[in-house]
Amino acid sequence: MVTNEKTLWELLWEYDPNGLIVVNEDMTIAVVNPAFCKMFKITADEMVGKPAVALLGTVDEFQRVWEKNEVIRGKEKEYPKYDLYVRQVMFSIRDQNAIACIMVDITDEWQRKKELLELKRETVAKVNEVVDNQMKVAQEIAGLLGETTAETKVSLLKILKLVEGETL
């Protein structure tokens, strides 16, 4: 058991598989953990002290969390530049003048959802194509039946005229 509380928190920070970022109230990156660095393919030294907008593209949610002192849970966000899709939890730490964000990498889950959606679209398109072809064939069959029925009627009328002509 770790007896030094600081060491425990440092270990949690280092080994947490979720990306952790803390920005100051002026939207400058204060701290990032190794998982965050891996997600965004950067080093902590490259980003600490830099504007968060430079890495994240937008800091609107961070500003809202700070201004309204609210917590955002379960917000999903895509970072296409990094091939990354995350579920975020954001909250302010007022006594530290900071906003923290925990990012859970759900890129694989999101990719599976996209693939499933594409498969569904393809299936619907194929079903529509099959139904259209069946309707086309049914119309052709109906046309052929109509033609043969008309030919049969003409032939029967000729026979009727012949039979009527012989009986008169």
For the chain, with every protein chain kept in place, what is the accessible area per residue (1.4 Å probe, Å²)?
72 Å²
Mind listing the phi-derived Karplus ³J(HN,Hα) values for segment 112-117, rounded to whole Hz, using 6.51, -1.76 and 1.60 with θ = phi - 60°, and x for any glycine or proline?
4, 4, 4, 5, 5, 4
Please state the charge dipole magnitude for segment 1-92, taken about the Cα centre, from unit charges on C-beta atoms (+1 on K and R, -1 on D and E), reported in debye and rounded to the nearest 20.
220 debye
A correct Karplus calculation of ³J(HN,Hα) over segment 7-18, with 6.51 cos²θ - 1.76 cosθ + 1.60, θ = phi - 60°, whole Hz and x for Gly and Pro, returns 5, 4, 5, 5, 5, 4, 4, 5, 9, 4, x, 8
About the Cα centre, charge dipole magnitude for the chain (Lys/Arg +1, Asp/Glu -1 at Cβ), debye:
300 debye
Would you look at the GNM of the chain, springs on alpha carbons closer than 10 Å, and say which of Glu129, Glu151, Glu109 moves the most?
Glu151
Accessible-area composition of the chain, carbon plus sulfur, in percent [1.4 Å probe]:
58 percent
Taking the Cα atoms of the chain alone, what are Rg (to one decimal) and Dmax (as a whole number) in Å?
35.1, 123
Out of Ala142, Gly165, Asn18 - ranked by how far each Cα lies towards the positive end of the dipole of the chain, with unit charges on the beta-carbon of charged residues - the top one is Gly165
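The values are calculated or read from the model by the stated rules, or taken from the named source; none is laboratory data. Since the model is a prediction, treat every value here as computed from it, not as a measurement. We place every Cβ from the backbone using ideal geometry, glycine too, and count neighbours over all the protein chains shown. We work out accessible area using only protein heavy atoms, side chains counted, and drop any ligands, DNA or RNA first. Shrake-Rupley method; radii C 1.70, N 1.55, O 1.52, S 1.80 Å.
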